[in-house]
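For reference, the structure discussed in these notes is given below.
The values are calculated or read from the model by the stated rules, or taken from the named source; none is laboratory data. Predicted model, so just to flag it, every value in this text is computed and none were measured. A quick note on method: Cβ atoms are made from the backbone with ideal geometry, for glycine too, and the neighbour counts reach across all protein chains shown. What goes into the accessible areas is simple: the full protein's heavy atoms, side chains included, and nothing from ligands, DNA or RNA. Shrake-Rupley method; radii C 1.70, N 1.55, O 1.52, S 1.80 Å.
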Amino acid sequence: MQKITNTIAVGVAAGENNSSVFSVSEHQSVPVIRSLRSPEPVTDFSCLPREVRHEIYGWATRPVQLLTGLPALAKTTKFQREDVLDFMCNDERGIAFRQALQAVQTGLWHDNAKALLGNADKLRMAFGISSKRLSSTAEEGVSGQAAIDALSKYIAVQFCLRHVVINFEISQLIRCVRSKPVKIDASGIGRERYLNELVPALGLVNPDCQLILDLSNNELRTDDLLPLLAFIKKSPIIYQLDLRNNFLCEGEEASLPLAALCKFVSPLSHLYLSNTGFNDASAHCIASILNKNPCLMHLDLRNNALTEAGTLSVIKAVGYQTDSGQWQVNRVLTAVRLQKNNFMMNDTISQAIIELQNVLDADCKPKNDDPFSEIGVYVVQVDDVDLAHTALNQLIIFYQEIFAKNAIAESL
């Protein structure tokens, strides 16, 4: 947020490369979107739907609220609707607003993801207790307002589909949970229940909730992800998605739905793809988009079919050196887990990991006068390597326990 003479401006793009600014002059009642690519501000919002224009003009008549105006708009359900965002793409002015809105949303999503991790212990406890309470109320036949009141006191709510069926009463409970983390544990319910019961129920989750979704061990196929992708596109509220132990890649062909999970701009911060058959072709698909993903922090690709070629694609997706010698690095990613794949460590892979980590560590500063705190935990995680790669081997052995500890701490 930046204060300029005679102008209140709110920077909306995360990081240093702001793409647009939402601002209003103290002498104007019409909001302005100023694109840094154009010297002229955009003041005509006739391209936007009436309800969008009405909302923007409402903020413009209350300049004090403009300090938080655009973030507040980003939280509004109507501005996350795909038809509104698609409409904005049809006009240069609409595109500018869309970019500004997405930048604000990305910042909010990232803050929410970090808040979830900061309260992980409390959330896991609340998930466990609320799930037991939900099961007991279902067994006792408690429903309606009494069941809603029973769950309202928890800071987070879990629906475990191994213990309950999504009937009318459960649907009402899901719909009534607002503004808090929700976990739907659908692990092991099977492909049929996933398609016929869970997928329709996703639309019941309020858009002001943060959704944790466990779909592991369901024998899902790659095309089964299509309705999930449609939901994410329409309602981007999934922060952690567990797809482990579903065979989502067939043979050597790329799984385009898996690649789309990394491509969509959404709040997804943790994606678990262990033992999904993730292969080199899928790795090549995500290589160009993973580097620019603004929210993904943890990518679990353990126990898959990656060879040296696919592994190098994933490493370069985290960070690569351009032809001009500059490094293009995704600094949001904190863990890419590659253990137990089909590649053998060699000089090419170890050198790629070390060079990338040196770039990431260059920005680290010692904490509390501890020089060792300059060394960051390796983002790209691999198995122990042979003794020929002494330097990397020592670091990997040292960090294996930290890798596992951090992964457990972040999983909700």
Can you tell which of Ile289, Ile353, Ile349 is open to solvent by less than 20 Å² (accessible area, probe 1.4 Å), β-branched (Val, Ile, Thr) and within 27 Å of Leu117 (Cβ to Cβ)?
Ile353
Can you tell me how many residues within segment 216-228 are open to solvent by 10 Å² or more (accessible area, probe 1.4 Å) and polar (S, T, N, Q)?
2
Give the residue that is surrounded by the most Cβ atoms within 10 Å (Cβ to Cβ), with candidates limited to residues of segment 317-330 that are polar (S, T, N, Q) and assigned to a loop (DSSP other than H, G, I, E, B).
Asn330
Scan of segment 244-266 for residues that are of a type in the set (Val, Ile, Thr) and surrounded by 22 or more Cβ atoms within 10 Å (Cβ to Cβ), ordered by number:
none
Enumeration of residues in segment 331-358 that are in a helix (DSSP H, G or I) and touching a residue at least 40 places away in the same chain (Cβ under 8 Å):
Asp347, Thr348, Ile349, Ser350, Ala352, Leu356
The one condition Val104 fails out of (1) open to solvent by less than 20 Å² (accessible area, probe 1.4 Å); (2) at pLDDT 80 or above; (3) aliphatic (A, V, I, L, M) is (2)
If Pro236 satisfies every condition in (1) farther than 23 Å from Ala335 by Cβ; (2) under 14 Å from the mean Cα position of the chain (by Cα) but one, which is the exception?
(1)
Kindly check whether there is at least one residue in segment 155-163 that is surrounded by fewer than 20 Cβ atoms within 10 Å (Cβ to Cβ) and under 20 Å from His110 (Cα atoms).
yes
Might you let me know whether segment 402-411 holds any residue that is small (Gly, Ala, Ser), modelled with pLDDT under 65 and part of a helix (DSSP H, G or I)?
no
Enumerated strands (runs of 3 or more DSSP E) restricted to segment 214-316, each holding at least 1 residues that are touching a strand residue (DSSP E or B) at 6+ places or on another chain (Cβ under 6 Å) and either of a type in the set (S, T, N, Q) or over 23 Å from Leu412 (Cβ atoms) (or both):
238-242
Would you confirm whether any residue within segment 186-209 is in contact with a Phe, Trp or Tyr (Cβ under 8 Å, 6 or more places away or on another chain), open to solvent by 10 Å² or more (accessible area, probe 1.4 Å) and assigned to a strand (DSSP E or B)?
no
In segment 302-316, anything open to solvent by less than 10 Å² (accessible area, probe 1.4 Å) and β-branched (Val, Ile, Thr) is listed as Thr311, Val314, Ile315
Could you say whether any residue in segment 360-371 is within 21 Å of Leu306 (Cα to Cα), surrounded by 14 or more Cβ atoms within 10 Å (Cβ to Cβ) and at pLDDT 75 or above?
no
Test set (1) more than 19 Å from Val265 (Cβ to Cβ); (2) surrounded by fewer than 21 Cβ atoms within 10 Å (Cβ to Cβ); (3) under 21 Å from the mean Cα position of the chain (by Cα) - Phe231 fails condition number
(1)
Conditions first: (1) out of contact with any Asp or Glu (no Cβ under 9 Å at 6 or more places or on another chain); (2) on the phi < 0 side of the Ramachandran plot. Arg337 passes all but one, so which condition is the exception?
(1)
Only one of these is without any contact (Cβ under 8 Å) to a residue 40 or more places away in the chain, closer than 21 Å to Ser350 by Cβ, in contact with a Leu (Cβ under 7 Å, 6 or more places away or on another chain) and open to solvent by less than 10 Å² (accessible area, probe 1.4 Å): Leu299, Leu271. Name it.
Leu299
